[in-house]
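Take a look at the structure below.
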Amino acid sequence: MDRPSLEFFSFTEWFTAAMQFENGQIVSYYCNVAMPSTVHGDVVRFVDLDLDLVKKAESDWQVVDEDEFRDNSVTYQYPEELIHQAVSSLDSLRLKIANGEFPFDETLLRKYVEVVSQFNRNE
């Protein structure tokens with residue numbers, strides 16, 4: 001990543017999101033379809049299921065790594081339920097994005113800017 005980013009890890013939903021920002025604006029997203037994240041001590045863990053939904057600066061959203069998902073589904077013998085969940089989660093992720101739902105509503109960026117501004121005032 002060549003810009004600062006905010007990272008979102010869900011403990012209930014099947015995706016993660018990295019949001020790169022510049023000049024107070026989110027300029028790109030990288031979303032992994034993944035099993036819900038877990039915390040072990042001070043480590044956040046998730047199982048990446050290969051499918052990614054990406055929006056680069058000045059371009060539309062696109063699914064990447066579908067071939068990797070297909071190959072790994074065979075290589076690692078993903079159960080049918082897991083394959084279905086991954087594909088369904090990709091559809092749900094697209095819907096969240098289309099509806100501008102959290103974390104795709106810039107709430108994280110606004111909160112980050114608020115916290116950093118407050119921190120800088122207190123120094």
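Here are a few things to note about the model shown:
- On the stretch given as region 75-123, residues that are closer than 19 Å to L49 by Cβ and either of a type in the set (D, E) or assigned to a helix (DSSP H, G or I) (or both) total 19.
- Tally, over region 49-70, of residues that are part of a loop (DSSP other than H, G, I, E, B) and either touching a helix residue (DSSP H, G or I) at 6+ places or on another chain (Cβ under 7 Å) or surrounded by 11 or more Cβ atoms within 10 Å (Cβ to Cβ) (or both): 4
- Any hit, region 55-75, residues being among the β-branched types (V, I, T) and over 14 Å from the mean Cα position of the chain (by Cα): yes
- Comparison of T107, T75 shows that the only residue that is at pLDDT below 95 and among the hydroxyl-bearing types (S, T, Y) is T107.
- Listed by first and then second residue, the pairs with beta-carbon distance under 8 Å, at least 6 apart or on different chains, first residue in region 82-104 and farther than 14 Å from I26 by Cβ, second surrounded by 14 or more Cβ atoms within 10 Å (Cβ to Cβ) and of a type in the set (D, E, K, R), are A86/D50; S89/E13; S92/E13.
- Picking from residues in region 9-48 that are within 12 Å of the chain's Cα centre (by Cα) and over 16 Å from P103 (Cβ atoms), the one that is surrounded by the most Cβ atoms within 10 Å (Cβ to Cβ) is M35.
- Residues of region 52-72 classified as under 21 Å from L6 (Cβ atoms), of a type outside the set (K, R) and touching a residue at least 12 places away in the same chain (Cβ under 8 Å), total: 6
- Just one of the listed residues (S73, S89) is surrounded by 15 or more Cβ atoms within 10 Å (Cβ to Cβ) and in contact with a helix residue (DSSP H, G or I) (Cβ under 8 Å, 6 or more places away or on another chain), and it is S73.
- Here K96 meets each of (1) exposed (fewer than 15 other Cβ atoms within 10 Å of the Cβ); (2) basic (K, R); (3) under 16 Å from the mean Cα position of the chain (by Cα) with one exception, condition (1).
- The set of residues from region 76-86 being among the polar types (S, T, N, Q) and surrounded by 14 or more Cβ atoms within 10 Å (Cβ to Cβ) comprises just one member, Q85.
The values are calculated or read from the model by the stated rules, or taken from the named source; none is laboratory data. Please read all numbers here as calculations on a predicted model, not as lab measurements. Every residue, glycine among them, receives a Cβ derived from its backbone with ideal geometry; neighbour counts consider all protein chains shown.
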